[in-house]
Amino acid sequence: IGAGTTGTALAVRLSQKGWPVVAVASRTLSSAQRLAKLVPNCQVCHTAQELADVAEVVFITTPDDVIARVCSEIQWHEGQSVVHCSGAHSVDILEPAKKLGAAVGSFHPLQTFADVDQAIENLPGSTFALEAEEPLLSTLKELTNLLNGNWVVLKPGDKVLYHAAAVFACNYLVTLVKLAQDLWLDLGVSSKKAIRALLPLLRGTINNIDNIGLPDCLTGPIARGDVGTIERHLSALEITNPSLLTTYKELGRQTIPIALAKGKVDEQKAEEMQALLSLRSKVGKKALRLGR
């Protein structure tokens, strides 16, 4: 139920692995028809109830805000399984289905889906956050294995922090790249050239995280205890982009413990950097040549 990026990717990939995807229903008929064309022997249902009447395992892949409403409007039955794919909500929003005797679960791919084609490409190999009781939990683990993925089982109440972690790692990475791009614009470099220049650095960083791991993958002035460079950054930002000072300082303070764990800086140097990056500190306006 719901033929957007996540629903379409799941349907296509599970069908390719031999899992029968028998029906699809969506708010718009055209999106349901588009999904059905990608999945053999998948019928288009005109209502969610029509789909629920023919399927044993039902995935609700609508936007998060309507999952509860969709679930409450369907007459479920015993022996049926109802699973949502929200990263932010727990299984409690499927309580109407549980009260009618259905098993309920959550199956969230920890992945970024910008469009349908990319979602289909990125889904295999992802980690999936699972919430369910047996025997549905074993079924969801089986689906994860079919998708060549890894799984983590969440307890009630875990979902919010799990989702917040995903926001830090994915969404805010985009924000950080945007901030870096904006600094390049101050140098007279176009957005396109800035992104092209930054992408190899991003890929190298991800590769280091994967192959070297935390904390040893950390590089840069805080990892080295290079107070002079940090001071110059703060002075330059104060002159050209003062709105970024608070963000730079907070990220720097969060980076200091990683540098300590790496072992390249001592406690004295860490305290020096901590004082420099205090939100209450005043950056001395040193003479800087901000050459173009």
Legend entry - Within the accessible area of region 35-95 (1.4 Å probe), percent carbon and sulfur: 49
Legend entry - Vicinal HN-Hα couplings computed from phi for region 37-52 (Karplus, 6.51 cos²θ - 1.76 cosθ + 1.60; Hz; Gly/Pro x): 5, 8, 10, x, 6, 9, 8, 8, 9, 8, 9, 5, 5, 4, 5, 4
Legend entry - Principal-axis tilt of helix 136-146 within the chain, Cα atoms, nearest 10 degrees: 70
Inset, instruction - Return one number: the angle in degrees, 0 to 90 and rounded to the nearest 10, between the long axis of the Cα atoms of helix 227-240 and the longest principal axis of the Cα atoms of the chain. - result: 80
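Of the peptides 21-30, 265-274, 167-176, how do they stack up when ordered by the mean number of other Cβ atoms within 10 Å, highest first?
Highest mean packing first, the order is 21-30, 265-274, 167-176.
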Legend entry - Residue-normalised accessible area of region 42-189, given per residue in Å² at a 1.4 Å probe: 52
Legend entry - Cα principal axis extents for region 54-171, largest first, Å: 37, 28, 27
Inset, instruction - Just add up the charged neighbours of Ser191: K/R +1, D/E -1, any other residue whose Cβ is under 15 Å from the Cβ of Ser191. - result: +2
Inset, instruction - Give the long-range amide H neighbours of Thr127: residues separated by 5 or more places, or on another chain, with amide H under 5 Å away, using H modelled in the peptide plane at 1.01 Å from N. - result: Leu110, Asn150
Legend entry - Dipole axis of the chain (+1 Lys, Arg; -1 Asp, Glu on Cβ), positive-most option in Ile230, Val83, Ser106: Ile230
Legend entry - Expected-Rg normalisation [2.2 N^0.38 Å, Cα atoms] applied to the chain: 1.28
Inset, instruction - Starting from the exponent 0.38 and prefactor 2.2 Å, build the expected Rg for region 124-265 from its residue count and divide its actual Cα Rg by it. - result: 1.35
Legend entry - Rounded tilt (10° steps) of 172-186 against the dominant C-alpha axis of the chain: 40
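Counting Lys and Arg as +1 and Asp and Glu as -1, what is the net charge of the other residues whose Cβ lies under 10 Å from the Cβ of Asn241?
-3
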Legend entry - Mean residue ellipticity (222 nm) of the chain, computed from DSSP H runs ≥ 4 via -39,500 (n - 2.57), nearest 500: -15500 deg cm²/dmol
Legend entry - Percent accessible area from carbon and sulfur atoms, region 111-206, protein chains only, probe 1.4 Å: 63
Legend entry - Phi to ³J(HN,Hα) by Karplus 6.51 cos²θ - 1.76 cosθ + 1.60 over region 78-91, Hz, x for Gly, Pro: 4, x, 8, 10, 10, 10, 9, 10, 7, x, 9, 9, 8, 6
Legend entry - Rh by Kirkwood over Cα pairs, then Stokes-Einstein D for region 31-119 at 1.002 mPa s and 20 °C, µm²/s: 154
Inset, instruction - Tell me which residues come under 5 Å, amide H to amide H, from Val82 once H is placed; ignore anything under 5 positions away on its chain. - result: Val58, Ala103, Val104, Gly105
Legend entry - Inter-probe distance in nm under a simple model that places probes 7 Å from Cα toward Cβ, at Asn41 and Ala180: 4.8
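The values are calculated or read from the model by the stated rules, or taken from the named source; none is laboratory data. Note that the structure is a prediction, hence the values are computed from the model and not measured. We place every Cβ from the backbone using ideal geometry, glycine too, and count neighbours over all the protein chains shown. Quick note on the areas: whole protein, heavy atoms, side chains included, nothing else; ligands and nucleic acids left out. Shrake-Rupley method; radii C 1.70, N 1.55, O 1.52, S 1.80 Å.
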